[in-house]
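See below for the structure under consideration.
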Amino acid sequence: MARLRLFEAFGIELEYMLVAADTLDVRPIADAVLSAQAGGEITSDVEFPDITWSNELVRHVIELKTSEPRANLDGLAGAMQSHVDRIEALAKPLGARLLPTAMHPWMNPGKEMELWPHDNHVIYETFNRIFDCRGHGWANLQSMHINLPFADDAEFGRLHAAIRLILPILPALAASSPMVDGRVTGILDNRLEVYRTNSRRIASVTGRVIPEPVYSEAEYRRLIFEPMFRDIAPYDADGVLQQEFLNARGAIARFSRGAIEIRVLDLQESPAVDLAVARIVIDVLKRLVSEEWTPLARQQAIGVDPLERILLRTIREAEVAEVDDSEYLAQFGVRDVRSITAAELWRRLAEGARDPALKTGGESRGPLEVNLGEGSLSRRILRHLEAGESPRAVYGRLADALAAGASFR
């Protein structure tokens with residue numbers, strides 16, 4: 001079967017929390033919801049023609065993902081929303097509902113984390129034995145993943161270069177996790193903050209989140225996979241985790257299926273917003289790959305250090321983070337200023353968007369304008385908390401926004 005080529009198709013995954021309808025505390029009932037849809041059978045996946053529901057590492061999280069790569073994203077927000085509605089209907093008799101955002105604001109993972117006990121449980125139990133999944137960095141993370149195909153080494157090299165460049169500014173667009181353990185931390189993307197260190201026992205698993213500048217499969221296997229598998233082998237005698245999925249960088253190469261998966265995006269408040277984020281990310285990646293601003297060789301020359309510096313700023317400050325690296329800014333065509341906020345950089349990129357859905361009147365323009373004009377979801381959550389609303393009230397409204405398929409304002 002021929003491999004899909006660059007931007008020929010797309011895969012999207014969205015992860016949601018199941019919580020008590022009254023208290024919003026986490027409810028480990030993903031298996032019960034999946035079973036209810038499957039006619040009582042315990043299953044890890046329920047596949048529909050358009051969207052598949054599946055389990056995750058922990059029992060209070062359920063994932064929606066495209067059943068097959070899609071030629072475009074038109075109508076996908078509506079399709080995802082219809083499946084959100086179906087899950088809500090199944091969760092309601094169980095006293096539960098879905099909650100968006102990238103972290104539960106007051107979950108105690110040490111006490112409340114329950115691993116998925118059914119299919120593939122050996123994988124999850126091995127992760128838990130080696131890394132101890134009772135921390136936030138394993139048990140309390142919800143994100144959107146974007147899967148983008150490549151057909152050969154040349155396409156991989158172009159796509160990986162572009163993705164590495166965009167990763168540092170993604171938290172500025174998508175941060176949605178300002179609270180952990182019931183408190184505001186001062187960091188706007190706490191999911192990425194804990195994600196950075198969740199594999200510290202075997203540091204090569206996550207690296208520095210920004211992938212190393214490698215642009216061929218052979219080089220990737222030699223510099224990323226082989227050290228990672230070698231480092232974990234003493235803890236994984238049966239080789240359970242010595243697979244591509246062990247790689248926890250912010251974007252991971254899946255050579256087995258010819259795709260790169262972007263993993264640094266916090267989940268937004270509703271599918272309409274997630275798909276608006278996905279569209280602008282893909283739009284900018286297409287422009288990078290087409291060498292609109294800089295040639296490929298210049299893109300591939302950027303090391304991890306400058307990208308990590310920007311990422312650490314956007315993890316902490318999201319859209320107000322200053323981007324003052326002139327070589328980095330040039331990669332996006334910004335040459336008239338020496339420093340710019342990440343929000344302003346995104347506004348410039350949105351102004352030049354090619355995707356009709358991002359232009360005035362397009363299906364994703366409205367949700368994107370909220371993120372660009374009113375700040376990241378973390379910023380909007382903080383505004384309500386600072387105005388005196390309780391966390392339970394604010395997150396209840398976020399659950400309502402998901403049910404309505406709307407932006408949270």
**OP:** Using the structure shown, decide if residue 253 is surrounded by 24 or more Cβ atoms within 10 Å (Cβ to Cβ), of a type in the set (A, V, I, L, M, F, W, C), farther than 18 Å from residue 307 by Cα and touching a residue at least 24 places away in the same chain (Cβ under 8 Å).
**Re:** yes
Subject >> Condition check for residue 172: part of a loop (DSSP other than H, G, I, E, B), among the hydrophobic types (A, V, I, L, M, F, W, C) and within 30 Å of residue 294 (Cα to Cα) >> reply: no
Subject >> Test set (1) surrounded by fewer than 17 Cβ atoms within 10 Å (Cβ to Cβ); (2) over 20 Å from residue 180 (Cα atoms) - residue 23 fails condition number >> reply: (2)
Original post:
How many residues, within segment 312-339, are outside any loop (DSSP other than H, G, I, E, B), farther than 22 Å from residue 176 by Cα and in contact with a strand residue (DSSP E or B) (Cβ under 9 Å, 6 or more places away or on another chain)?
Top reply: 1
Subject >> Checking residue 14 against (1) touching a strand residue (DSSP E or B) at 6+ places or on another chain (Cβ under 6 Å); (2) within 30 Å of residue 288 (Cα to Cα); (3) surrounded by fewer than 20 Cβ atoms within 10 Å (Cβ to Cβ), the condition it does not meet >> reply: (3)
Original post:
Can you tell me which residues in segment 194-211 are assigned to a loop (DSSP other than H, G, I, E, B), basic (Lys, Arg) and within 16 Å of residue 224 (Cα to Cα)?
Top reply: none
Original post:
Do any helices (runs of 4 or more DSSP H) entirely within segment 54-136 hold 2 or more residues that are out of contact with any Gly (no Cβ under 7 Å at 6 or more places or on another chain) and of a type in the set (Ser, Thr, Tyr), and if so, which?
Top reply: 121-131
Original post:
Of all residues in segment 308-359, which are surrounded by 16 or more Cβ atoms within 10 Å (Cβ to Cβ), of a type in the set (Val, Ile, Thr) and more than 23 Å from the chain's Cα centre (by Cα)?
Top reply: 334, 340
**OP:** Search segment 108-131 for residues that are free of Cβ contacts under 8 Å to residues at least 24 places away in the same chain and pair each with any residue that is in a helix (DSSP H, G or I) and buried (at least 16 other Cβ atoms within 10 Å of the Cβ) when their beta-carbon atoms are under 8 Å apart and the residues are at least 6 apart or on different chains.
**Re:** 128/138
Original post:
Can you pull out the residues in segment 28-50 that are within 22 Å of the chain's Cα centre (by Cα) and either within 28 Å of residue 395 (Cβ to Cβ) or not in a loop (DSSP other than H, G, I, E, B) (or both)?
Top reply: 28, 30, 44, 45, 46, 47
Original post:
If you check residue 197 against the conditions, is it of a type in the set (Ser, Thr, Tyr) and without any contact (Cβ under 8 Å) to a residue 24 or more places away in the chain?
Top reply: no
Original post:
What pairs come up if the first residue lies in segment 201-214 and is within 17 Å of residue 158 (Cβ to Cβ) and at pLDDT 95 or above, the second is of a type outside the set (A, V, I, L, M) and assigned to a loop (DSSP other than H, G, I, E, B), and their beta carbons are under 8 Å apart, counting only those six or more places apart or on different chains?
Top reply: 211/249; 211/250; 213/303
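The values are calculated or read from the model by the stated rules, or taken from the named source; none is laboratory data. Just so it is clear, the structure is predicted and the values come from calculations on it, not from any experiment. Backbone-built Cβ (ideal geometry, glycine too); neighbour counts: all protein chains shown.
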